[in-house]
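Asker: Right, I'll just put the structure down here and ask away after.
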Amino acid sequence: MDKEKVSQTPKRMTRSSASSPTSTSNNAIAAKVNSLEPLTINDLLVGGDPISLDDIISNFPGRRNQILEIVRLLGPLNSPMLPLFVYGGPCTGKTSIILRLFRHLKRPLVYSSCRTCYNQGILFESILNQLFLHRKNAANGYANAKRCDRPSDFVNFLREALTNVINNLKEKSEKLVSNKMTQEKTGNMIYLVFDNFHLVKEWDKNSTILPLLFNLYDMLKMHEVGLIFISSTSADTFYSNMGYVEPIPVYFPDYTEGDIRQILLRNQANQKLYSSFLDVVLKSFYGITKQVGDLSAALKPLYEKYCEPLSDKGKGVAPDQQMRRRLLAHINPHIGPSLNEIFKVSSLSSTEVETQKEEKRKGNPRRLEKSEELGSLDFHMSTSSKYLLISAFLASRNPATLDASLFDSKGGSDNRKRKRKPSEKAMERKETLEEELLMKGPGTFPLERLLAIFQCLVSVGEDDEEPNNDGFGVEGGSGGLMSDVLLQLSSLCNANLIFKGRSCPIEGSTRYRSTISEDLALKVARSLKFPLSKYLYRNGISLECLK
């Protein structure tokens with residue numbers, strides 16, 4: 001017995017070290033690392049249980065056309081394909097559908113996200129590690145399969161790795177055919193998927209990496225390789241002077257209200273109760289955001305508040321008409337604050353609003369009456385959306401050449417030196433310019449100019465806030481408001497407050513135009529206490545000077 005015990009313990013190991021939990025855990029980790037089997041060609045397949053095409057279509061409402069179009073472009077087994085450019089807004093199902101389709105088709109792919117691979121070096125190493133079937137661990141010192149600092153080295157290593165993978169796929173296909181297992185064939189194609197491709201524009205040296213990735217199809221000249229780019233922006237935003245094979249675009253539009261209803265109703269214990277809840281709140285929230293993740297997070301606490309009057313037994317039955325009216329009366333006061341919470345917009349209580357109105361009445365009743373007349377809005381809109389709407393209005397009315405002088409560090413034009421009473425000639429000129437502006441209509445502007453004006457106006461609005469005030473309730477100042485500006489712009493376009501035109505063939509970017517009137521712009525500005533007249537010019541004449 002003693003000899004057996006001694007033989008189980010190494011000679012250089014003491015009794016205390018042998019019984020310590022630290023050494024035991026270290027040995028377990030080392031054994032686990034050493035027991036990892038080397039990667040094979042099957043590791044390039046998307047894991048998970050087999051899934052049918054009908055299941056994919058049913059799991060993604062409103063995406064039937066896009067799913068069938070991608071399947072058609074991928075083609076049958078071993079069919080060459082042109083590069084695909086899948087684009088659409090965030091949370092529209094692009095990445096999930098691509099991965100599930102490859103799981104259904106049982107085809108190998110190399111997936112790389114440009115969010116986690118945040119520079120070209122990490123992106124190159126991620127792709128090569130997957131293609132060379134290399135796993136970083138303690139045994140190899142967590143080293144990469146290949147080290148490449150230059151794009152030319154990446155292309156050479158990529159061609160070498162792809163050749164090895166394609167040869168392995170061909171050998172596997174031949175073995176399956178010889179064994180008469182044709183149903184498990186994966187084919188000879190290998191696909192490179194670049195997710196979050198729009199983030200590459202923010203990288204250093206993006207002017208080099210973007211043409212390289214778009215030209216991979218021409219440089220490799222390997223028909224067994226397919227390229228798929230997934231982006232939140234259209235291909236027009238990647239305009240380049242270098243010639244390359246343009247990828248085939250596949251657009252994923254925003255989910256409709258009916259599609260989002262089907263998605264949210266999924267996995268609900270009482271779908272009839274949740275459907276009555278969506279009848280009350282979904283339309284209001286859908287006008288602000290169409291992202292399923294944001295809606296699900298915002299509606300979850302609101303739904304709990306909606307179910308408060310119900311007992312545990314009542315939560316499992318369908319509500320009748322009387323119960324719906326009771327639940328509506330209970331949830332109605334909480335909808336407004338929840339709407340503001342989506343964009344972290346601070347809202348004042350009713351008592352604070354009445355106090356401010358009383359103070360203004362004591363100060364200047366006539367001015368308050370005019371302000372209330374112009375500043376009242378008939379619809380709800382977040383603070384950031386109001387600033388974006390004003391920015392679009394100014395971009396349509398002001399010449400682009402005056403942006404530098406209007407939105408300087410002082411914030412707008414300094415009208416304190418222009419206190420002279422306008423002459424009759426100036427008044428006549430004002431009427432003439434107004435007639436010309438009415439005939440000409442608002443002008444168009446690119447997205448870059450809109451974002452620049454928006455950032456300037458937000459910074460001016462934050463400077464006007466008191467130090468103790470939370471401002472817009474956003475951490476990080478204007479950066480928080482800028483985070484979802486594209487989503488808010490899409491909502492304003494859907495509401496026909498901003499018109500979205502086609503992309504300009506010369507600039508390669510989409511142009512927009514404000515459709516709101518000056519009265520509505522003044523109402524929005526008054527609700528924000530924003531001096532719109534300081535920033536609005538007509539052929540060099542400020543409205544502040546002509547009033």
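The values are calculated or read from the model by the stated rules, or taken from the named source; none is laboratory data. Keep in mind that what you see is a predicted model, and the values were worked out from it rather than measured. All Cβ positions, glycine included, derive from the backbone under ideal geometry; neighbour counts span all protein chains shown. Surface accessibility is based on the protein's heavy atoms, side chains included, excluding ligands, DNA and RNA. Shrake-Rupley method; radii C 1.70, N 1.55, O 1.52, S 1.80 Å.
Asker: Return a yes/no flag: does region 231-253 have any residue that is in contact with a helix residue (DSSP H, G or I) (Cβ under 7 Å, 6 or more places away or on another chain), crowded, with 16+ Cβ neighbours inside 10 Å and of a type in the set (D, E, K, R).
Answerer: no
Asker: Go through region 262-271 and report how many residues are open to solvent by 20 Å² or more (accessible area, probe 1.4 Å), part of a helix (DSSP H, G or I), without any contact (Cβ under 8 Å) to a residue 40 or more places away in the chain and in contact with a Phe, Trp or Tyr (Cβ under 9 Å, 6 or more places away or on another chain).
Answerer: Summing the residues that are open to solvent by 20 Å² or more (accessible area, probe 1.4 Å), part of a helix (DSSP H, G or I), without any contact (Cβ under 8 Å) to a residue 40 or more places away in the chain and in contact with a Phe, Trp or Tyr (Cβ under 9 Å, 6 or more places away or on another chain) in region 262-271 gives 1.
Asker: Is there a residue being surrounded by 13 or more Cβ atoms within 10 Å (Cβ to Cβ), outside any helix (DSSP H, G or I), modelled with pLDDT of 80 or more and outside the structural domain of residue 485 (by TED's automatic domain parsing) anywhere in region 279-287?
Answerer: The answer is yes, given that some residue of region 279-287 is surrounded by 13 or more Cβ atoms within 10 Å (Cβ to Cβ), outside any helix (DSSP H, G or I), modelled with pLDDT of 80 or more and outside the structural domain of residue 485 (by TED's automatic domain parsing).
Asker: Which of (1) at pLDDT 90 or above; (2) within 23 Å of residue 48 (Cα to Cα); (3) open to solvent by 20 Å² or more (accessible area, probe 1.4 Å) is the odd one out, the single condition residue 167 does not satisfy?
Answerer: All conditions pass for residue 167, except number (2).
Asker: Mind listing just one residue for me: the one in region 127-164 that is among the aromatic types (Phe, Trp, Tyr) and at pLDDT 85 or above and, of those, least open to solvent (accessible area, probe 1.4 Å)? Outline the logic, then answer.
Answerer: First, the residues of region 127-164 that are among the aromatic types (Phe, Trp, Tyr): 132, 142, 154, 157.
Checking which are at pLDDT 85 or above leaves us with 132, 154, 157.
Details: 132: 54, 154: 1, 157: 51 Å².
Checking each candidate, the answer is 154.
Asker: Let me ask another. Among (1) in contact with a Gly (Cβ under 7 Å, 6 or more places away or on another chain); (2) more than 20 Å from residue 324 (Cβ to Cβ), there is one condition residue 270 misses while meeting the rest; what is its number?
Answerer: Tallying (1) in contact with a Gly (Cβ under 7 Å, 6 or more places away or on another chain); (2) more than 20 Å from residue 324 (Cβ to Cβ), residue 270 fails exactly one: (2).
Asker: Next question, about the same structure. Given the conditions (1) of a type outside the set (Lys, Arg); (2) assigned to a loop (DSSP other than H, G, I, E, B); (3) assigned by TED's automatic domain parsing to the domain that holds residue 82; (4) without any contact (Cβ under 8 Å) to a residue 12 or more places away in the chain, which single one is not true for residue 207?
Answerer: (2)
Asker: If you check every pair at least six apart or on different chains, which have Cβ atoms under 8 Å apart with a residue in region 85-97 that is charged (D, E, K, R) first and a residue that is outside any loop (DSSP other than H, G, I, E, B) and open to solvent by 40 Å² or more (accessible area, probe 1.4 Å) second?
Answerer: Once the first residue is charged (D, E, K, R) and sits in region 85-97, its partners that are outside any loop (DSSP other than H, G, I, E, B) and open to solvent by 40 Å² or more (accessible area, probe 1.4 Å) give 94/87.
Asker: How many residues does region 214-230 contain that are within 16 Å of the chain's Cα centre (by Cα) and open to solvent by 20 Å² or more (accessible area, probe 1.4 Å)?
Answerer: The total comes to 0.
Asker: Out of 235, 269, 298, 318, I need the residue that is outside the structural domain of residue 81 (by TED's automatic domain parsing) and within 29 Å of residue 494 (Cβ to Cβ). Which one?
Answerer: On the way: 235 fails: outside the structural domain of residue 81 (by TED's automatic domain parsing); 269 fails: within 29 Å of residue 494 (Cβ to Cβ); 318 fails: within 29 Å of residue 494 (Cβ to Cβ).
Result of the check over 235, 269, 298, 318: 298.
Asker: Another question, then. Kindly indicate which of 255, 217, 191, 274 is among the hydroxyl-bearing types (Ser, Thr, Tyr), in a loop (DSSP other than H, G, I, E, B) and touching a residue at least 12 places away in the same chain (Cβ under 8 Å).
Answerer: 255
Asker: Here's another thing I want to ask about it. Select from region 181-204 the residues that are over 28 Å from residue 484 (Cβ atoms) and modelled with pLDDT under 90 and list them in ascending order.
Answerer: Narrowing region 181-204 to residues over 28 Å from residue 484 (Cβ atoms): 181-192.
Selection gives 181, 182, 183, 184, 185, 186, 187, 188.
Asker: In region 89-98, which residues are surrounded by fewer than 20 Cβ atoms within 10 Å (Cβ to Cβ), modelled with pLDDT of 90 or more and out of contact with any Asp or Glu (no Cβ under 7 Å at 6 or more places or on another chain)?
Answerer: Hit for region 89-98 is 96, nothing else.
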